[in-house]
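Structure record follows, encoded as structure tokens.
The values are calculated or read from the model by the stated rules, or taken from the named source; none is laboratory data. Predicted model only: the values in this text are computed from it and were never measured. Here the Cβ positions follow ideal geometry from the backbone for every residue, glycine too, while neighbour counts run over all protein chains shown. We work out accessible area using only protein heavy atoms, side chains counted, and drop any ligands, DNA or RNA first. Shrake-Rupley method; radii C 1.70, N 1.55, O 1.52, S 1.80 Å.
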Number of protein chains: 2
Amino acid sequence: MLPSENELAEEYNISRVTVRKSLSLLEQAGYIYSAPGKGYFIREPVTNKYILSFNEMNNTNGQSIFSKLLEVNVIPPDADLMNELKLPEERYVIVIKRLFFSDNTVVAYDEKYMPYEKGLPLVEREIKCATFPELACKNKSLFSIKKSLKIRSTTSQGNISKLLNIEDNHPLLEIEQKLYTADNKVIGWSKTYYLSEFLELNAYWSFGQNSYEMNDMSE
Amino acid sequence: MLPSENELAEEYNISRVTVRKSLSLLEQAGYIYSAPGKGYFIREPVTNKYILSFNEMNNTNGQSIFSKLLEVNVIPPDADLMNELKLPEERYVIVIKRLFFSDNTVVAYDEKYMPYEKGLPLVEREIKCATFPELACKNKSLFSIKKSLKIRSTTSQGNISKLLNIEDNHPLLEIEQKLYTADNKVIGWSKTYYLSEFLELNAYWSFGQNSYEMNDMSE
DNA sequence: TAGTGGTCTAGACCACAGC
DNA sequence: CTGTGGTCTAGACCACTAG
């Protein structure tokens, strides 16, 4: 679909290396892709992938969040928890329950679960300020983990209403986080419930800053 | 912080071009960055940017959504709309209101606004199946637009409850979309309200597939 | 001034598509 | 078999940084 590297090099009187450099820039930006042995082809824009900003300990405006520990425990997991953490056997699990504050008002409630391992931090002041990856990765490199989010809308009921000091049926943004090692072992699971008026997530898409790489590239 | 290109080339007995290729791979993956005239430095992991999947006309499971037009109109904008669309003067605005169905049940309500331009589609069957960028970009290239999302949790009230055929106080995922041209002119604004049980957004983060590029790279 | 990364050249060999 | 992209080499010159 595009002229070959050699043709381009000849047409513009530049070396093939330079042509390749230019094409690779276009490829990185998502405009084209190469098929070895065939040639270069243009790529249709991907319109369903966005860059999402999210930081557990910062809201969208960048204000810091302070946390108050409600509970830290080591418990035997129930069936549900064993399933979420994909525990092969019945291993102990660390529970951390926290409230998040911004400007001295409650803005979120947070529950985290991690398979118990020696060396994981259980010291209050460490837990208070650490982000989820830091908590679960005491011995591992931050470079080697993966993380997934699920984002839902829900409403406050019963216990959560009380903890967040709001009426029932108040809208909440529920963010479920899962941490994985490089070999897909679950090392952490958490749910955070944000007051809807406190957290609004932002995402954006624009070409050339896109995540075209992670698409099946059917021709 | 890292050995220079020449040092690496000598150490491994490979050409400098090959060293540069390797380093550029690490740079693309977000592990290092280069400072011209100085050298290469390692980059701290960015943990607050995710890849979000979202498609107005598909839910997270990939099921297609069918839409039913409630209203298509050309109206003079009110103050709020002029502000959102950043209209310099009082230009007419296209309104499209739709209901989304999946498996014959209502799953979302959608409102879209676009500054009126000649050539924009106002034909029912075109509107029904088109995505937002397609609607607003009749004359422009999909390559040249930008798009931002805001994601909130809210609850159904009054009119929206009726349209969605649910009780008041039902949790909804509200997604606000804005479309821009390359020079930041607003060409579309929309709000979609999804039943919370229908839409759950997914995002993920893993190193090397990350969006490190779009960070201020303070040293 | 010496060293760094950024850019470019003119070759070479390979695995792979497609005829 | 020829042409494609993928990989690699051994040079060259430039702009920039830092002592």
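The table below gives the values:
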{"item": "Shortest-first distances to equivalent copies, position residue A:17, nm, label 7 Å out along Cβ", "result": "0.4"}
{"item": "Karplus-derived HN-Hα couplings along segment A:8-18 (A = 6.51, B = -1.76, C = 1.60, θ = phi - 60°), whole Hz, x at Gly and Pro", "result": "5, 4, 5, 4, 9, 6, 10, 6, 5, 4, 5"}
{"item": "Selection of GluC sites (Glu not before Pro), segment A:136-180, meeting DSSP coil and at most 14 other Cβ within 10 Å", "result": "A:167"}
{"item": "Per-residue average of Cβ from other chains inside 10 Å of B:40-49", "result": "3"}
{"item": "Check: the protein assembly as shown dipole with +1 on Lys, Arg Cβ and -1 on Asp, Glu Cβ, in debye", "result": "420"}
{"item": "Inter-copy label distances at residue B:106 (7 Å, Cα→Cβ; nm, one decimal)", "result": "3.4"}
{"item": "FRET efficiency estimate (nearest 0.05) - Cβ-Cβ, residue A:185 to residue A:53, R0 41 angstrom", "result": "0.90"}
{"item": "Under 13 Å, Cβ to Cβ, from residue A:173 - net charge with Lys/Arg +1 and Asp/Glu -1", "result": "-3"}
{"item": "Student exercise, segment A:1-138 dipole from Lys, Arg, Asp, Glu Cβ charges, in Debye to nearest 20", "result": "280"}
{"item": "Three-way shape call for segment A:47-184 based on the alpha-carbon gyration tensor, with the a/c threshold at 1.5", "result": "rounded"}
{"item": "Greater than 28 Å apart at Cα, pairs in A:86/B:147; A:150/B:146; A:146/B:112", "result": "A:86/B:147; A:146/B:112"}
{"item": "Residue-by-residue Karplus 3J(HN,Hα) for segment A:127-138, coefficients 6.51, -1.76, 1.60, Hz, glycine and proline x", "result": "5, 4, 9, 6, 7, 4, x, 5, 5, 8, 10, 3"}
{"item": "Pairwise label distance in nanometres, residue B:162 with residue B:140, each label 7 Å out on the Cα-Cβ vector", "result": "3.6"}
{"item": "Mean projected area in nm² (Cα convex hull; one quarter of hull surface) for the protein assembly as shown", "result": "27.4"}
{"item": "As computed over segment B:1-42, the Cα convex hull volume per residue (Å³)", "result": "62"}
{"item": "Per residue accessible area of segment A:142-192, 1.4 Å probe, in Å²", "result": "41"}
{"item": "Relative contact order, percent, segment A:43-148 [alpha-carbon distance under 8 Å, six or more residues apart]", "result": "21"}
{"item": "Segment B:1-44, accessible surface, carbon-and-sulfur percent (1.4 angstrom probe)", "result": "56"}
{"item": "Viscosity 1.567 mPa s, 4 °C: Kirkwood-radius Stokes-Einstein D of segment B:1-127 over Cα pairs, µm²/s", "result": "64"}
{"item": "Karplus (6.51, -1.76, 1.60) ³J(HN,Hα), θ = phi - 60°, over segment B:155-171, in Hz, Gly and Pro reported as x", "result": "10, 6, 9, x, 4, 5, 4, 4, 4, 8, 6, 9, 6, 5, 6, 7, x"}
{"item": "Total accessible surface hidden between A and B, rounded to 100 Å², 1.4 Å probe", "result": "4100"}
{"item": "Segment B:51-203, accessible surface, carbon-and-sulfur percent (1.4 angstrom probe)", "result": "47"}
{"item": "For segment B:72-117, accessible area per residue (1.4 Å probe, heavy atoms of protein chains only), Å²", "result": "49"}
{"item": "Range in chain B, longest, excluding exposed trypsin sites (Lys or Arg not before Pro) [loop by DSSP; at most 15 other beta-carbon atoms within 10 Å]", "result": "B:39-85"}
{"item": "Förster-model FRET efficiency, 22 Å R0, residue B:79 and residue B:116, C-beta, rounded to 0.05", "result": "0.80"}
{"item": "Using a 7 Å Cα-to-Cβ projection, residue B:163 label spacings across copies, nm, ascending", "result": "3.4"}
